[in-house]
1. Per residue of F:151-163, what is the mean number of Cβ atoms on other protein chains within 10 angstrom of that residue's Cβ?
2. Please report the relative contact order for chain D, taking Cα pairs under 8 Å with a sequence separation of at least 6, and give it as a percent rounded to a whole number.
3. Tell me, what is the per residue accessible area of segment A:155-242 in Å², probe radius 1.4 Å?
4. I want to verify a result. In a Gaussian network model of chain D, Cα cutoff 10 Å, which of these has the top mean-square fluctuation: D:Asp177, D:Asp118, D:Asp47?
5. Checking buried surface per residue: for segment F:197-211, which residues lose a minimum of 10 Å² accessible area in the protein assembly relative to the chain alone (1.4 Å probe)?
6. With respect to the symmetry axis carrying chain E onto chain D, which residue of chain E exhibits the smallest Cβ distance to that axis, and what is the value in whole Å?
7. Between the alpha-carbon centers of segment E:59-105 and segment D:108-145, tell me the distance in whole angstrom.
8. At 7 Å along the Cα-to-beta-carbon direction for both C:Ser82 and B:Arg83, put a label point, then send me their distance in nm to one decimal.
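The values are calculated or read from the model by the stated rules, or taken from the named source; none is laboratory data. These numbers come from a predicted model, not from an experiment. Neighbour counts are summed over all protein chains in view; Cβ atoms, including those assigned to glycine, are modelled from backbone coordinates with ideal geometry. Keep in mind that these areas ignore ligands, DNA and RNA; they rest on the heavy atoms of the full protein, side chains included. Shrake-Rupley method; radii C 1.70, N 1.55, O 1.52, S 1.80 Å.
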Number of protein chains: 6
Amino acid sequence: MTHVRPSGRMPEQLRAVSLQRGYTRHAEGSVLVSFGDTRVLCTASVDNKVPGFLRGKGEGWVTAEYGMLPRATHSRSDREASRGKQGGRTLEIQRLIGRALRACVDRTALGERTITLDCDVLQADGGTRTAAITGAYVALVDAVRWLQSRKEITRDPIHGAVAAVSVGLWRGAPVLDLDYAEDSACDTDMNVVMNDGGGFIEVQGTAEGHAFRRAELDALLGLAESGIAQLFALQREALASK
Amino acid sequence: MTHVRPSGRMPEQLRAVSLQRGYTRHAEGSVLVSFGDTRVLCTASVDNKVPGFLRGKGEGWVTAEYGMLPRATHSRSDREASRGKQGGRTLEIQRLIGRALRACVDRTALGERTITLDCDVLQADGGTRTAAITGAYVALVDAVRWLQSRKEITRDPIHGAVAAVSVGLWRGAPVLDLDYAEDSACDTDMNVVMNDGGGFIEVQGTAEGHAFRRAELDALLGLAESGIAQLFALQREALASK
Amino acid sequence: MTHVRPSGRMPEQLRAVSLQRGYTRHAEGSVLVSFGDTRVLCTASVDNKVPGFLRGKGEGWVTAEYGMLPRATHSRSDREASRGKQGGRTLEIQRLIGRALRACVDRTALGERTITLDCDVLQADGGTRTAAITGAYVALVDAVRWLQSRKEITRDPIHGAVAAVSVGLWRGAPVLDLDYAEDSACDTDMNVVMNDGGGFIEVQGTAEGHAFRRAELDALLGLAESGIAQLFALQREALASK
Amino acid sequence: MTHVRPSGRMPEQLRAVSLQRGYTRHAEGSVLVSFGDTRVLCTASVDNKVPGFLRGKGEGWVTAEYGMLPRATHSRSDREASRGKQGGRTLEIQRLIGRALRACVDRTALGERTITLDCDVLQADGGTRTAAITGAYVALVDAVRWLQSRKEITRDPIHGAVAAVSVGLWRGAPVLDLDYAEDSACDTDMNVVMNDGGGFIEVQGTAEGHAFRRAELDALLGLAESGIAQLFALQREALASK
Amino acid sequence: MTHVRPSGRMPEQLRAVSLQRGYTRHAEGSVLVSFGDTRVLCTASVDNKVPGFLRGKGEGWVTAEYGMLPRATHSRSDREASRGKQGGRTLEIQRLIGRALRACVDRTALGERTITLDCDVLQADGGTRTAAITGAYVALVDAVRWLQSRKEITRDPIHGAVAAVSVGLWRGAPVLDLDYAEDSACDTDMNVVMNDGGGFIEVQGTAEGHAFRRAELDALLGLAESGIAQLFALQREALASK
Amino acid sequence: MTHVRPSGRMPEQLRAVSLQRGYTRHAEGSVLVSFGDTRVLCTASVDNKVPGFLRGKGEGWVTAEYGMLPRATHSRSDREASRGKQGGRTLEIQRLIGRALRACVDRTALGERTITLDCDVLQADGGTRTAAITGAYVALVDAVRWLQSRKEITRDPIHGAVAAVSVGLWRGAPVLDLDYAEDSACDTDMNVVMNDGGGFIEVQGTAEGHAFRRAELDALLGLAESGIAQLFALQREALASK
């Protein structure tokens, strides 16, 4: 017997996803990504400098920072700027976003510049890190196009696309793209990042309750593959417009 | 001879102002306020606790925090959470917002609870603190209405309205509601907070270039009074809808 | 009916003000300023470097830091060095002092050097920031004279004088130079910084209780103008001695 | 064609693993775990308190902290205590260790007490986090036995065992238990945490170079399963002695 | 052959020492101590609380904090509040002052209250920590007298006096009470804290250049004994006045 | 009448001392020093840079850092990296270790390089700082020999040896090398650092209970001299092996 998901979605159904380009004016790329009620503002900022460890090597850098507005969540959480440090969860997520996006960038073609992807959660309803990766990719492409339009780079440093989705075991069954109601009650939560060549960039699965079996893991990976394929289509569509 | 303002506005003309209530879902009050291209998300969060210095006194508290997304501005600024502390400008602004909003609240009627106003700048184009105060007032009223609808408070703790605007001397002439182009080039910058009874709550004028004369100060205060009167009308209109 | 001020002073009467130059030995300028029982040690330190944002521009910099000894006040407050950060009030005050003093300095004439004004409150009885500005001006002039005596600068970078005073509404009436007893009980508190050409450099008025009317604001500014005129005379006198 | 591993090990071969109990005297559990040249001191400390969010719920807590001595590595790294904060990598690893160990603990049977697992790397040669998990499990069991020997708990809160190993694609081939030479040159690095019932607790795979295919992922998981089975045997043997 | 000291003092001669009680108004004890050009403001603040580790034990606490105004020294040093932490030297000195003063206090007679000794250096010319201890003792006695005058304590918690002086080997010869010119050029620097019963509370000798011989150590201790005897006389005289 | 020491040792008897060279692999010098149950890992790391204040002067630097694993002690103490700062005791000890070791180094012969001595306490039972100094000396010599073996330096920068021991008054009698049981119950605790030419580098004596008399101080220094002589023999023996 299958349980009906809190949202009424089918197990293999994504939430409504939107990618709104040009959401703010100043950034070289600026995308508001929504996975249902989860809304993340992703901006890409170009800086003509690289961190110290890369200086003089002719390579660029792509990095990410992640934040959550204090009242993006059900109850208000402390402002990290006010507490004086970023928590472990924040650091873990922004390291993940950075690694994920670097996986589709030819850093030599980018040249000695840094693109910083700021992913700020305006409203949280589960899956903020996977929404952030999916949206940040679009912001990154816009920033690269901006560089190309100004002839600052000649070779396209973007190879392939990157997107991410969460999957999990909810009441024993594999489901795609967990919202908060599912996320807080699921047994296993897995975040999967892939490129559009079918390769895995990152797989992070955690048993929250019971440990998961190998067969369950296989089912979850299958769901993620199908969900991410849809996200690639939505990214292409968003980038084709305007 | 008068100079034409960069935006083409008349000296006594506000930018287009909008107050969008219910912008996010979780907060008891949530308002996106725009003064032209300046956009600030103001949320009001209710907590049934008060800071230590008020415990057991039967009074509530209203406080504010202010933040700016790293790429809200022309060039990216460091994330305060990552630098590990809030800068002096941030602290100064959030202290101002808190004082301004407390000026219209009967803290005994509020009872032993805290309302925190988070003002986060999504996009900056001058006047973020005055937009924040004007928007936070509407979020505060929504949070109080939420308390009233749940019968948690009986007496209305809000007395009067609070709004704010900037004025300044730009190329020698007094102008209302400076945008970034004017703000970065003006001689004097003044932020004025008033209540709708015509009283001043805060006046902060700073000579950036030449010191200002008493007559100039008088002209600026007159401009601010007329601008704030318009903001009160917009707040009332926003609160009347829905 | 007028109330008698706690100190017995007339509404328009300053406290006894003294400016003791050469209070400590090492600094290029060192002034102990007293406004009644408020005592602030202001030192001016010359450094042949400028902050990064000014390097190579041929301009100097004037900046201020403010501190309060832990037991300068009625009850002991935590040492900011021990708490690990400066509070919002401290940052706000030191930003104000820096802006105020820069308003009388030709930074090109100063050349690529920084003058740091350290204002440390030995004893507090209200008005520490206005005493600090008034005293720091004298320390600044002494530091500039020291540079001139060593022929390190040729053109005098000081144009005009800067002084500051607080005014407020105490029991409904405007009074000059609030001491702690008045400050903690007043309705409106305003700090005014002027130059000796009659121009305003900074006006910061805050309604602590009831909002203030335009006429009250006007009366306060008049009081401040007269009080600051007396402070300029005292600064000139102090600088003429020795 | 297969490449010979730098260490000369077979692809499916663990390094020499040792688990030395009672390495230090004060802690309730104290284990020096070695995976080849990687040596981690794991201590388990019992405290009769729980964090605030668990107070009064009758449940215990298991948490971990991770550190690396400054010269555990090839070149000296800064001491985190001296830099004033723990880096993102440290926080990420200690969160992982804590989650992994909590997965085998019945927190109600533990009662309102906290067991803190301190994992300090004395010497690093790759795989410090998986060694830490494997060793911390033994220290945890020793601390629980200590509680049992003092009759402080009656029911055994440990259900099953937990161990971890890394696997990766090195020169295209899946290998088990990467040392530093392999880790720094591999394409994909995956850390796997399992329980001795064959369930997965955590799977974290990262493509450092090329994205990995589904078949490669499957091969890596198989290697991890066999390696972890050996670690369970070593844990049992260590716990059986004395 | 003996060298003449930079100050012209005899080897066994103290600098001019003064102890000015009641230097500031708010503190229960407030002493400006001068050892020549070294000037330290020592305040004693009484608080009716004790640190957590003493709560409910019926004992009081005496502790110290030390600070140096940024321009107390020849060249300006960073403000510790602004750097965000107290340096090792500061922590070391304030721990020493606290230990030294606790050595003459019967903490049971003091009852559950804390006396905090803030020692802030207004001007530094060597020997700030020994001046601080010598002055803080007088401030401590004044605070205790204040408690006695209010009948808050009945038994005198002060047993004996505490004072401190530095001694050192300058150009090979033992000298008393080093000033900055000597301190920065001496081979060995020793700080000695004693009580007026002839007992040693703390001896801290450091070879800056050549290691010192046992005979030199003996000579230094003899000098310190005679210097501290003079300081006790000055403390008694200061406390007898008014 | 004499009391028997908790350990049964004679008053002038050291604990069993061992110096295990090459304890870890990566550092240029790595020594595990044990004074009874006190075990400190001392590593010496060579870096071809010097701190800013020495740059370009042709001199090297020797510095130390000290840490204690959280469960090195009877009850677990907070991790300093997690608390975000090193405590006063830590800073005081590492400053002492650095000064002590610099006393036997010709920094010109060392050339522009820094040797950092990391002293991390694996298990504490009193006397960690004296064990650290004694062990760090051996690690330092090993690092220098490594530099010599690579011909990076020609002249031996080490002149003489440095070792340290604690002495104290326990139940009225002078005893050598206090362990924790004695340390926590003694009246006076003194740490003595000497070189092998019989010179004193540092003497730090603190009266924990009653002040100590001059004759007691003399007896303690005598004990320390004899104990340190034995430590020099052990250092020589350790360095002669291999």
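1. Values: counts 0, 0, 0, 0, 0, 0, 0, 0, 0, 1, 0, 1, 0.
Going residue by residue through F:151-163 and averaging, the value is 0.
2. Details: 526 pairs, mean separation 52.1, N = 242.
Taking the mean separation of contacting Cα pairs over the length of chain D, I get 22 percent.
3. Values: 3290 Å² over 88 residues.
Accessible area per residue: 37 Å².
4. D:Asp47
5. F:Gly197, F:Gly198, F:Gly199, F:Phe200, F:Ile201, F:Glu202, F:Val203, F:Gln204, F:Gly205, F:Thr206, F:Ala207, F:Ala211
6. Nearest residue, distance rounded to whole Å: E:Gly84, 5.
7. 39
8. About 2.8 nm, to one decimal.
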